[in-house]
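The values are calculated or read from the model by the stated rules, or taken from the named source; none is laboratory data. Since the structure is predicted, the reported quantities are computational estimates derived from the model, not experimental observations. Neighbour counts are summed over all protein chains in view; Cβ atoms, including those assigned to glycine, are modelled from backbone coordinates with ideal geometry. Only protein heavy atoms, including side chains, enter the accessible area calculation; ligands, DNA and RNA are left aside. Shrake-Rupley method; radii C 1.70, N 1.55, O 1.52, S 1.80 Å.
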Amino acid sequence: MLTSKQRAYLRGKANKMETIIQIGKGGITDTLTVQVNDALKARELIKIRVLESCEYVAKEAAQILAEKTGSDVVQFIGTRFVLFKRNDENPIYEFEK
């Protein structure tokens, strides 16, 4: 669970990021979940876009993927959302203690 300060810090970092995954008419499949999990392990913070052809809106998709991958939803704006999952072996983002 992220604190509000951690979430604000990650929102700032995600602001400049490119969207790396798109969810289309296929919806949230096992393959997509594996891709998201792999991307989270490599980057910790990822931005995902929900296309108009998808059955979910961004908020729903973010919550489903966060639950399936064990990640935290940082934010969702319009058709995009940001997920974060700490990589304990090789952390990229450091928070103040």
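Please indicate, with yes or no, whether at least one residue in the range 68-90 is more than 11 Å from the chain's Cα centre (by Cα) and part of a helix (DSSP H, G or I). Lay out the reasoning, then the answer.
Pass one, the range 68-90, residues more than 11 Å from the chain's Cα centre (by Cα): 68, 77-79, 86-90.
If we keep only those that are part of a helix (DSSP H, G or I) too, we end up with 68.
Scanning the range 68-90 turns up at least one residue that is more than 11 Å from the chain's Cα centre (by Cα) and part of a helix (DSSP H, G or I).
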Legend entry - Where a residue in the range 1-28 is more than 18 Å from Lys59 (Cβ to Cβ) and its partner, wherever it lies, is surrounded by fewer than 13 Cβ atoms within 10 Å (Cβ to Cβ) and of a type in the set (S, T, N, Q), with Cβ under 8 Å and at least six apart: Lys25/Ser53
Inset, instruction - Only residues that are open to solvent by less than 60 Å² (accessible area, probe 1.4 Å) and either over 18 Å from Thr19 (Cβ atoms) or under 14 Å from the mean Cα position of the chain (by Cα) (or both): list them for the range 48-67, please. - result: Ile48, Val50, Ala58, Ala61, Ala62, Ile64, Leu65, Ala66
Legend entry - Failed item, numbered, when Glu44 is tested on (1) closer than 24 Å to Gln6 by Cβ; (2) open to solvent by 30 Å² or more (accessible area, probe 1.4 Å): (2)
